[in-house]
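The values are calculated or read from the model by the stated rules, or taken from the named source; none is laboratory data. Keep in mind it's a predicted model, so treat the numbers as computed, not measured. Please note: Cβ atoms are built from the backbone with ideal geometry, for glycine as well, and neighbour counts cover all protein chains shown. Note: accessible area is taken over every heavy atom of the protein model, side chains too, but ligands, DNA and RNA are not part of it. Shrake-Rupley method; radii C 1.70, N 1.55, O 1.52, S 1.80 Å.
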Amino acid sequence: MFEVLPSLPADPILGLSAAYKKDTNPNKIDLGVGVYKDEQGRTPILQSVQKAQQVLLANEDSKTYITQQGVQGYIDAMLSLILGNGHSALLEDRVSGVQAPGGCGSLRILAELLTRCDKDLTVWVSDPTWANHIPLIGNAGLTIKTYPYFDKANACIKFDEMADCLSQVKKGDVVLLHGCCHNPTGADLNHEQWQAVVEIAQKTGFVPFIDLAYQGFGDGLEEDAYGVRLLAANLPEVIIAASCSKNFGLYRERVGLAAIVNANAQIKTVTQSQIQNVARGIYSMPPSYGGALVDIILNDDQLKHLWMDEVTEMRERMQSLRAMLVSKLAEKGASKDFSFVNQQKGMFSFLCISPEQVDKLVNQHSVYLVGSSRANIAGINSHNVDTLADALVAVL
Ligand code: LMR
């Protein structure tokens, strides 16, 4: 039966890792998949996670099923981290939530839930957005449309066009927004722009869907939650998909959170039952391990502080790598001003070069990055920055 299926090309992001591994060039550079790396190019297990693993190993006494929603301590701690302790939606018991397998799993079960509300619903995503948003949401059967977001020629957000487009969105449509560290551009909304988005949502009645996969990697754990908290304080409904892949370095453990801020506690009970039912119909319940680790970390003062310090270290390192790349490029006489890279936030930088130039970087210089010109800044280090800057200068 399977002979009817065509073979598919490699994933545009994950496929880069395989191509990089195969490359025999000793000077190859991996700026592809969004994974944090240290100065030696390693992705170590965070110390806070290592300590939590020991606690879990010493205390876990059963591998029986967990509840359908996952580890409740994890869900509660994540909601406080995202919305802030004492957020009115939490105090009023209006937030439903389940642990889900990674940010991807969260996005998918929320998309499935949306089809139960209205199978003809449209989800608006930024142009550009993370490539995997399209299959995760589209394969659930929802229609996807794009709103203008990034001006590649000027390396900045085109907010007026974005606002105009969102003002035309119809009531009940869903608008996907990146809570912080926009993937792929690294260009985030400022406070005034978030406020404008709130006002447009109030006027049109669209429902915001926040993807928060990099909390702590932009300006700080609190600062990066500004947008989601503002929306949740001013709108009756907000959908949230969060991930612990990056800020806890738990990539392979698949730890995510799917949450909904509801209009009232009664609807919360309904959405809680529905989202658990969606999960049951796909994977039954999430794997417990990663959520249990985050539960341990966020509910222990010492471990939480250690983790917060580690997040700060990762963020500051990525900020310093941006500065290092920008000054290297200027020093080597690049014919393009890359100073905008310093203003971008988080793990990614949109280098704003053409697909042909990206192609040359990959195929002639063994510098691996996504075709859109998205580079994982964490892949830069003091050993490879000269090679990288030379390659960029050469392809400009
Ligand atoms: C990325 O954007 O590189 C990461 O989120 C990994 C992925 O799944 O695409």
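Return P(r) of the chain (all Cα-Cα pairs; 20 Å bins starting at 0; whole %; ordered from short to long distances).
With a bin width of 20 Å, the distribution comes to 27, 58, 15, 0.
On a 0 to 90° scale, report how tilted helix 265-282 is relative to the longest principal axis of the chain, with both axes built from alpha carbons and the result rounded to the nearest 10.
The answer is roughly 60 degrees.
Express in nm, to one decimal, how much length is gained between K304 and H383 on full extension, taking 0.36 nm for each residue of separation and deducting their alpha carbon distance. Intermediate results must be reported in sequence, preceding the final value.
Details: separation 79, 0.36 × 79 = 28.44 nm, distance 3.21 nm.
Result for the pair: 25.2 nm of gain on full extension.
Enter the angle in degrees (range 0 to 90, nearest 10) between the Cα long axis of helix 301-331 and the first principal axis of the Cα atoms of the chain, meaning the one along which they spread out most.
The angle comes out at about 30 degrees.
What does a probe at D23 reach in the range 371-396, counting residues whose amide N is under 15 Å from the point 7 Å along Cα→Cβ?
Only 371-381, 384-395 pass the distance filter.
Let me know the volume per residue of the alpha-carbon convex hull for the range 65-299, in Å³.
Details: hull volume 26.4 nm³, N = 235.
In the range 65-299, the Cα hull volume divided by residue count equals 112 Å³.
Using a 10 Å Cβ count of at most 11 others and DSSP loop calls, identify the longest part of the chain lacking such trypsin sites (Lys or Arg not before Pro).
172-396
If you take every DSSP beta bridge fully contained in the chain, what fraction is antiparallel? Give it as a percent rounded to 5.
50 percent
Against the globular-protein guess of 2.2 N^0.38 Å, express the Cα radius of gyration of the range 236-322 as a ratio, rounded to two decimals.
Values: Rg = 16.2 Å, N = 87, 2.2 N^0.38 = 12.0 Å.
It is 1.35.
Given R₀ = 30 Å, FRET efficiency for S284-N85 by Cβ-Cβ distance, to 0.05? Write out the running numbers ahead of the final one.
On the way: r = 32 Å, r/R0 = 1.05.
Computed FRET efficiency for S284 and N85: 0.40.
Provide the net charge surrounding S245, with neighbours chosen by a C-beta distance below 10 Å and charges set as Lys +1, Arg +1, Asp -1, Glu -1.
Working: positive: K246, R252, R254; negative: E253.
Counting the neighbours of S245, the net charge comes to +2.
Project the alpha carbons of the range 32-108 onto their principal axes and report the range along each, largest first, in whole Å.
Each principal axis gives a Cα extent; for the range 32-108 these are 47, 35, 26 Å.
Lysine pairs in the range 65-299 8 or more apart or on different chains: how many have alpha carbons under 20 angstrom apart?
Summing the qualifying lysine pairs gives 9.
Can you give me the accessible area per residue for the chain, using a 1.4 Å probe, in Å²? Spell out each step's value before the answer.
Values: 17700 Å² over 396 residues.
Here the per-residue accessible area is 45 Å².
Measure nothing but the geometry: give the 0 to 90° angle between the long axis through the Cα atoms of 191-204 and the longest principal axis through the Cα atoms of the chain, rounded to 10°.
Approximately 50 degrees, to the nearest 10.
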